[in-house]
1. Condition test on R197, is it under 21 Å from the mean Cα position of the chain (by Cα), open to solvent by less than 20 Å² (accessible area, probe 1.4 Å) and away from the ligand (no atom under 16 Å from the Cβ)?
2. Taking G59 and the conditions (1) part of a loop (DSSP other than H, G, I, E, B); (2) at pLDDT 95 or above; (3) open to solvent by less than 30 Å² (accessible area, probe 1.4 Å), which numbered condition does it fall short on, given that it satisfies the others?
3. In region 170-201, how many are farther than 19 Å from R261 by Cβ and β-branched (V, I, T)?
4. Hey, can you tell me all the residues within region 1-47 that are away from the ligand (no atom under 15 Å from the Cβ), more than 26 Å from the chain's Cα centre (by Cα), assigned to a helix (DSSP H, G or I) and modelled with pLDDT of 85 or more?
5. When region 401-424 is examined, which residues are found to be open to solvent by 60 Å² or more (accessible area, probe 1.4 Å), under 17 Å from L437 (Cβ atoms) and outside any helix (DSSP H, G or I)?
6. Of the numbered conditions (1) free of Cβ contacts under 8 Å to residues at least 40 places away in the same chain; (2) over 27 Å from H178 (Cα atoms), I427 fails exactly one; give the number of that condition.
7. Which of the following residues is within 16 Å of R112 (Cβ to Cβ) and under 35 Å from the mean Cα position of the chain (by Cα): I69, I98?
Amino acid sequence: MNNNKKDMEDNKKTWSGRFNEPVSALVERYTASVNFDQRLAEYDIQGSLAHAQMLSEQGIISTDDFSAIQHGLQQILEEIRNQQFSWLLEQEDVHLNIEKRLTALVGDAGKRLHTGRSRNDQVATDIRLFLRAAIDEIIQLIKAMQQALLDLAEQHLHTVMPGFTHLQVAQPISFGHHLMAYFEMLKRDTERLIDCRKRVNQLPLGAAALAGTSYPINRERVAQLLHFEGICQNSLDAVSDRDFAIEFSACAALIMTHLSRMSEEFILWMNPSFGFIQLADRFCTGSSIMPQKRNPDVPELVRGKTGRVNGHLIALLTLMKAQPLAYNKDNQEDKEPLFDTVDTLTDTLRIYADMLSGVRVNQETMRASALRGYATATDLADYLVKKGIPFRDAHEIVAQAVQYTEQKDCDLSKLALNELQQFSIQIESDVFTVLTLEGSMNSRNHTGGTAPDQVRIAIQKAKKWLTTDHIFSRA
Ligand code: ARG
């Protein structure tokens, strides 16, 4: 035996039958995925168990072989859970590592497991099972965060804050209303995930390498065993497209984007120039040089990690864009971005729910800020419109009143009636009800408006939505 042949015997690859020399150590390391795809092991075993059961029910393997495979895979699962399983780089990936061990444990039955299957449809199945479980967990975590938002909003129905446009004081709003805006974003995020889940939850197995298989398989049975709600309808598409993963990443990027916006607000509000809120100490850090500092590290990192999740979306799109049908090894690169997306998102959601429950609100500071910014100027204009003045003229009159008030360095509501009447004789003593922050806020009393009565209704609706199970075909 020449040296190459001998090396190959010592380090035999499952697929190496026709090869004359082993791959170099560098190629082995470069092409292997076991260091990261071992995370799919439990799903790989679930998929194999269902496949083997179907093979035996169809008479493609014997019931004895199926039972040997079952016991072997059960033992492997325990070894993996107890960290006693030796993952071997030379076995390339999670699938071949498990199959090799199975064959060592149960002999020929292990070698029969791969009948009518390819790693191409196997890996596509594993990722879909992984992602389905991840989506279910993420939906629960979003709901926990929404609950924390609701709790805080309920305490602050009547807390007035300045609402901003262009980050300039615009109109007074209820802090509860502001928080509920994020509830709505997260609700849409959940709906997107639920919709994405339907397309994730389709079975690729049976597509084999690319064209299907000549064995009399029963794909519907495998789908049923694995709780897939349908089967992929084209074998080439089943093994090659990762659009379901891209779609999930887009959902994740949007969720992170929403959390990043909230983080940006928390960071601003914690700055003493705003001074609207304080985060609990456990979400902040100090500076090693400036003793006075209390830095909002957690929201800053959420903002920062959003870049990384958005980046993974672009990585997956780029991975896919030039691949001819059907499977290509490029697809092995789908896993790390996907895993990191799931990990970053689940950690962020967990931390956020906790952080929200520890937010302390400085109501007086919020109120003072709204008073400083002429937040009720629109209300004065609307008051004049109701007295018959065209809106554009009313806008002009109020602009002059604001300019006057700026010189006096006070709020509109602090002007005397005769001072206000310099700008329009239509102004009467009832004007003061609309010039107060509460008067302004309470007057926006329609669906979606900031009046505390409406925010209360929004919270009731939100509570009902939270307790509904939106996933109809649960595994
Ligand atoms: N590790 C591979 C992947 O993640 C599994 C499929 C390999 N298939 C193949 N024909 N080499 O995509």
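The values are calculated or read from the model by the stated rules, or taken from the named source; none is laboratory data. Just so it is clear, the structure is predicted and the values come from calculations on it, not from any experiment. Cβ coordinates were reconstructed from backbone atoms using ideal geometry, including for glycine residues, and neighbour counts include every protein chain displayed. Accessible surface is based on the protein model in full, side chains and every heavy atom, while ligands, DNA and RNA are left aside. Shrake-Rupley method; radii C 1.70, N 1.55, O 1.52, S 1.80 Å.
1. yes
2. Checking G59 against (1) part of a loop (DSSP other than H, G, I, E, B); (2) at pLDDT 95 or above; (3) open to solvent by less than 30 Å² (accessible area, probe 1.4 Å), the one that fails is (3).
3. Residues meeting the conditions: 2.
4. Of all residues in region 1-47, those away from the ligand (no atom under 15 Å from the Cβ) come to 1-12, 20-22, 24-26, 42, 45-46.
Next, from what is left, pick out any that are more than 26 Å from the chain's Cα centre (by Cα): 1-12, 20-22, 24-26, 45.
This time we only want the ones that are assigned to a helix (DSSP H, G or I), so: 3-10, 25-26, 45.
Answer for region 1-47, where residues must be away from the ligand (no atom under 15 Å from the Cβ), more than 26 Å from the chain's Cα centre (by Cα), assigned to a helix (DSSP H, G or I) and modelled with pLDDT of 85 or more: A25, L26, I45.
5. none
6. I427 satisfies all of (1) free of Cβ contacts under 8 Å to residues at least 40 places away in the same chain; (2) over 27 Å from H178 (Cα atoms) except (1).
7. I98
Residue by residue, here is whether (1) open to solvent by 40 Å² or more (accessible area, probe 1.4 Å); (2) more than 16 Å from the ligand (Cβ to nearest atom); (3) within 30 Å of S440 (Cα to Cα) holds:
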site: E265; (1), (2), (3): yes, yes, yes
site: G286; (1), (2), (3): yes, yes, no
site: I289; (1), (2), (3): yes, yes, no
site: R303; (1), (2), (3): yes, yes, no
site: I314; (1), (2), (3): yes, yes, no
site: K335; (1), (2), (3): no, no, no
site: L338; (1), (2), (3): no, no, no
site: V342; (1), (2), (3): no, yes, no
site: L349; (1), (2), (3): no, yes, no
